[in-house]
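Peer 1: Questions regarding the structure given below will be posed in turn.
The values are calculated or read from the model by the stated rules, or taken from the named source; none is laboratory data. Not measured: the values here are computed from a predicted model. Using ideal geometry, Cβ is built from the backbone for each residue, glycine included, and neighbour counts are taken over all protein chains shown.
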Amino acid sequence: MIEYTKDIILNSNLTLRRNIEGLDFPATMTLEDSERVIDIFRNIYGEKLVLLEDLDETFLNKLISSFALSEDYDDRSIKMAVVIEDDYVLTINDRDHVAINIMDFNMDMKKALDKSRQVEEDLDRIIDFAFSPEYGYLTSDARNTGSGLEIFVETFLFGLVGSYEAYFGLKQALINDGIYIGSESPLDIKNDIKGLYILKNIGNYRKDFIKYVRKFEEVLDTLVRNERRFRRDYQALNGIKDEEIEDRIDLIVSNLSMGLLKNLDIILKALYELKKYRALDYETKLSSNEIDYLIFNLSKKKYKDNRDEERYQFLRSYMEGR
């Protein structure tokens, strides 16, 4: 792993999406058809195919956070599965009949693309994928129709993108390169930029995807290197002393531990701030894994509103337990 990406590239996934000719997409397919799709892939992969219902929550959460599985996967009454290989994961009957996922590729998108295409070619010898001479490969999301390529890179850019204006300036510049940047923070982006962003490819109509992926790699490398420079100079640029940051960390951890924060926006703002200081090599009491665990679980859609009592109870129980 290239060290300069540490704490900047958090997750990455390159996916090729395909559907089987003659069957409805998963959003509208019947239980019986979903079982037919499962049987097709079980005949290819045997015992390597595992139904989602047989996986534990930790692994399912890993698939969700890595963009390999939809967060609302359990809202549908169809059979879904995964195939776990050493260098790729297939998700079956999620948004499309099959998604070939190359996760945690860090900066090497070209290698991830080559691997996904190799897997797709092997499957194509066995399965007749839905294809239109005019539009290309057909997918449930029209934006992916064409090549079926989907690239997600989760980045933490709190130094490079420190304001609303900087965010939209960067967003416009990336669109020109066929890359979309969106805020992943559950908070209102107009009020507070938190620094957690998703980079995604735009458009599947390109004829030369190798050239496009190379360009994506170059843009990502530039973003990472500039972010590293901004982090190095963070205190000087903002006129902040060590003691001020240490006091702020103590206050945040104390508020979380004493149960003084109940509003989701306020809780997440505090956790993202700890995440930032952690990336700057400050001791934050909570480890990086603990911060990410809390952000993931507190943001789940199962909670009813911004001040859901169950969310507050979960946080309080966790802080007391540790």
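Peer 1: Just checking, does the stretch 67-75 include any residue being out of contact with any Cys (no Cβ under 7 Å at 6 or more places or on another chain), assigned by TED's automatic domain parsing to the domain that holds Leu220, among the charged types (D, E, K, R) and closer than 27 Å to Phe216 by Cβ?
Peer 2: There is at least one residue in the stretch 67-75 that is out of contact with any Cys (no Cβ under 7 Å at 6 or more places or on another chain), assigned by TED's automatic domain parsing to the domain that holds Leu220, among the charged types (D, E, K, R) and closer than 27 Å to Phe216 by Cβ.
Peer 1: Taking the residues in the stretch 27-53 that are in contact (Cβ under 8 Å) with a residue 60 or more places away in the chain and in contact with a strand residue (DSSP E or B) (Cβ under 9 Å, 6 or more places away or on another chain) as candidates, determine which candidate is surrounded by the fewest Cβ atoms within 10 Å (Cβ to Cβ).
Peer 2: Ile44
Peer 1: Inspect all residues belonging to the stretch 262-272 and state whether any of them is touching a residue at least 24 places away in the same chain (Cβ under 8 Å) and in contact with a Gly (Cβ under 8 Å, 6 or more places away or on another chain). Even if it seems obvious, please write down each step before you answer.
Peer 2: Our first condition is that a residue be touching a residue at least 24 places away in the same chain (Cβ under 8 Å); within the stretch 262-272, this holds for 262-265, 267-269, 271-272.
From what is left, the residues that are in contact with a Gly (Cβ under 8 Å, 6 or more places away or on another chain) are 272.
The answer is yes, given that some residue of the stretch 262-272 is touching a residue at least 24 places away in the same chain (Cβ under 8 Å) and in contact with a Gly (Cβ under 8 Å, 6 or more places away or on another chain).
Peer 1: In the stretch 306-320, what count of residues is obtained for those that are closer than 14 Å to Leu268 by Cβ and acidic (Asp, Glu)?
Peer 2: Of the residues in that region, 1 qualify.
Peer 1: Residues that are surrounded by 17 or more Cβ atoms within 10 Å (Cβ to Cβ) and in contact with a strand residue (DSSP E or B) (Cβ under 7 Å, 6 or more places away or on another chain): does the stretch 278-298 have at least one?
Peer 2: Yes, the conditions are met somewhere in the stretch 278-298.
Peer 1: Out of (1) of a type outside the set (Lys, Arg); (2) more than 20 Å from the chain's Cα centre (by Cα); (3) surrounded by 15 or more Cβ atoms within 10 Å (Cβ to Cβ), what's the single condition that is false for Asp124?
Peer 2: Just one mismatch for Asp124, condition (3).
Peer 1: Let me ask something additional. Can you go through Gly239, Gly195, Gly203 and tell me which one is buried (at least 16 other Cβ atoms within 10 Å of the Cβ), at pLDDT below 90 and at positive phi?
Peer 2: Gly195
Peer 1: Among the numbered criteria (1) touching a Leu at 6+ places or on another chain (Cβ under 7 Å); (2) under 20 Å from Gly162 (Cα atoms); (3) modelled with pLDDT under 90, which one does Ala270 miss?
Peer 2: Evaluating Ala270 over (1) touching a Leu at 6+ places or on another chain (Cβ under 7 Å); (2) under 20 Å from Gly162 (Cα atoms); (3) modelled with pLDDT under 90 leaves (3) as the failure.
Peer 1: Is there a residue in the stretch 303-314 that is in contact with a Gly (Cβ under 8 Å, 6 or more places away or on another chain) and over 24 Å from Met107 (Cα atoms)?
Peer 2: yes
Peer 1: Turning to a different aspect of this structure: Of the residues in the stretch 200-233, how many are among the charged types (D, E, K, R) and in contact with an Asp or Glu (Cβ under 8 Å, 6 or more places away or on another chain)?
Peer 2: The number of residues fulfilling the criteria is 3.
Peer 1: Asn106 fails exactly one of the following numbered conditions: (1) at pLDDT 95 or above; (2) surrounded by 13 or more Cβ atoms within 10 Å (Cβ to Cβ). What is the number of that condition?
Peer 2: Asn106 satisfies all of (1) at pLDDT 95 or above; (2) surrounded by 13 or more Cβ atoms within 10 Å (Cβ to Cβ) except (1).
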